[in-house]
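The values are calculated or read from the model by the stated rules, or taken from the named source; none is laboratory data. All values derive from a computational prediction rather than experimental measurement. Because the Cβ atoms are built from the backbone with ideal geometry, glycine has one as well, and the counts that use them run over all protein chains shown.
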Amino acid sequence: MTRKEIVERAITFNNPPRLPMKFDVVGVNDCYDVWTHDPTGWTWNFEGESTDEWGCLWKCTDVQNTGQVVGHPLQNLAALKDYTWPDPDHPRRYHDFEQQLAGADDRFVMFCFGQGIFERLHMLRGMTETMMDFHRHPRQTHELIERILDHHLHVLRNCVKIAGSHRQEAGATRRLHAAAMADDWGLQDRAFISLKLFREFFKPRYRRWFDEIKAAGLHPWMHSCGRINDILEELIDCGLEVINSQQPAVVGIDEFSARFRGRVCFESIVDTQTTLPRGTYDEIRAQAHALLEKWATPQGGFIASDYNDAEAIGVTLDRRRVMFEAFAEKGGYPNYRQILDQTSAGLTGHSWGRG
């Protein structure tokens, strides 16, 4: 069975023979991520300060991390009338997309949007302004979200077209299998906005987004951290199939189990705020086992993953290896001890990681 088929079976609750895993740190990854490029040349590897194609100014700290947006091009709504939107058809965006697809081998291929509609909205406007806009400027807020989503959908269509141009080669069809986006919806104790506002401004857009992803034959896959419990209910109703949740202690392992086990596939990890950076090895192992016991089902529904921005949260290599071992042991991953013996140093990889 191919790695693609194992991931597919986990997502669709169709009895995968083992736990799918995403751990580039030990050279194990059943998934393969493909990206488009920012035509301006902006990348996640920028140093100091750098402006992306949306006009958002990013800044890094002295600790290695993905940085954050500190300058918002639409902080003053008056700038909207002269704002230049990114061109989804810019050829530099796709210049090596076919070559990326060619390296997938038998893995499950995920197209990664990066920021979703909520994250890009507050990057353009600023978080404070965004929170006020739902009440003070609803018309302009609807317009902004629509423009962001239209851009993402246009890029998706282009990528699906490129991927569809690949035909069988060496027994494997070159294509996409999922589309992944990132919108962090949670604070520590609740979502950023009420369900009423979510349903008004965002739910119809997610439904439209997920419907188009599924119409292309792909699985909708989303990262969202914080206490997203009520928002996740809405996203599942929109058709979300995989949720990447990296803070199980925040959402509550038992609560997530009771509400969502068997209804959505989890891509998850030992808690990145508490257990992974500060727990003992035994606590890391215990939580990994608990996640598989309470979030997975006998038919599937779980993908174990690593945290690729580990240095930013103080997670050392030894802790990541302990987590891999715990998931692999309980998830039936073959030869995992041999893999650990052969990978005493970290490896670079191709995984979609979020901070």
Response to the item:
Given (1) assigned to a loop (DSSP other than H, G, I, E, B); (2) in contact (Cβ under 8 Å) with a residue 40 or more places away in the chain, LEU124 misses just (1)
Worksheet item: Any chance the range 300-310 includes a residue that's polar (S, T, N, Q) and at pLDDT 95 or above?
Response: yes
Practice prompt. Identify, by number, the condition in (1) surrounded by fewer than 19 Cβ atoms within 10 Å (Cβ to Cβ); (2) modelled with pLDDT of 95 or more; (3) closer than 30 Å to GLU8 by Cα; (4) not charged (D, E, K, R) that ALA102 doesn't meet.
Written response: (2)
Response to the item:
In the range 120-156, anything closer than 24 Å to ALA216 by Cα and out of contact with any helix residue (DSSP H, G or I) (no Cβ under 8 Å at 6 or more places or on another chain) is listed as ARG147, ASP150, HIS151, HIS154
Item to complete: Could you check how many residues of the range 1-25 are of a type in the set (Asp, Glu) and either more than 16 Å from GLY332 (Cβ to Cβ) or touching a strand residue (DSSP E or B) at 6+ places or on another chain (Cβ under 8 Å) (or both)?
Response: 2
Discussion item. Looking only at the range 97-113, filter to residues that are in a helix (DSSP H, G or I) and under 21 Å from the mean Cα position of the chain (by Cα); which one of those is nearest to PHE202 (Cα to Cα)?
Written reply: PHE97
Fill in: Residues of the range 114-132 that turn out to be within 21 Å of the chain's Cα centre (by Cα) and crowded, with 23+ Cβ neighbours inside 10 Å, as a count
6
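Only residues that are over 20 Å from SER344 (Cβ atoms) and of a type in the set (Asp, Glu): list them for the range 300-331, please.
In the first step, residues of the range 300-331 are kept if they are over 20 Å from SER344 (Cβ atoms); the result is 300-305, 309, 312-314, 330-331.
The one that is over 20 Å from SER344 (Cβ atoms) and of a type in the set (Asp, Glu): ASP309.
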Worksheet item: In this structure, is PHE13 on the phi > 0 side of the Ramachandran plot, at pLDDT 95 or above, within 22 Å of the chain's Cα centre (by Cα) and surrounded by 14 or more Cβ atoms within 10 Å (Cβ to Cβ)?
Response: yes
Worksheet item: Give me the pairs: first residue in the range 48-67 and assigned to a strand (DSSP E or B), second residue basic (Lys, Arg), beta-carbon distance under 7 Å, and six or more apart or on different chains, which are they?
Response: GLU49/LYS59
Item to complete: Give the number of residues within the range 37-47 that are hydroxyl-bearing (Ser, Thr, Tyr) and free of Cβ contacts under 8 Å to residues at least 12 places away in the same chain.
Response: 1
Worksheet, complete the sentence: Of the residues in the range 307-331, those that are aliphatic (A, V, I, L, M), within 17 Å of GLN247 (Cβ to Cβ) and buried (at least 22 other Cβ atoms within 10 Å of the Cβ) come to MET323
Discussion item. So, GLY252, is that one farther than 20 Å from VAL25 by Cβ, out of contact with any His (no Cβ under 6 Å at 6 or more places or on another chain) and in contact (Cβ under 8 Å) with a residue 60 or more places away in the chain or not?
Written reply: no
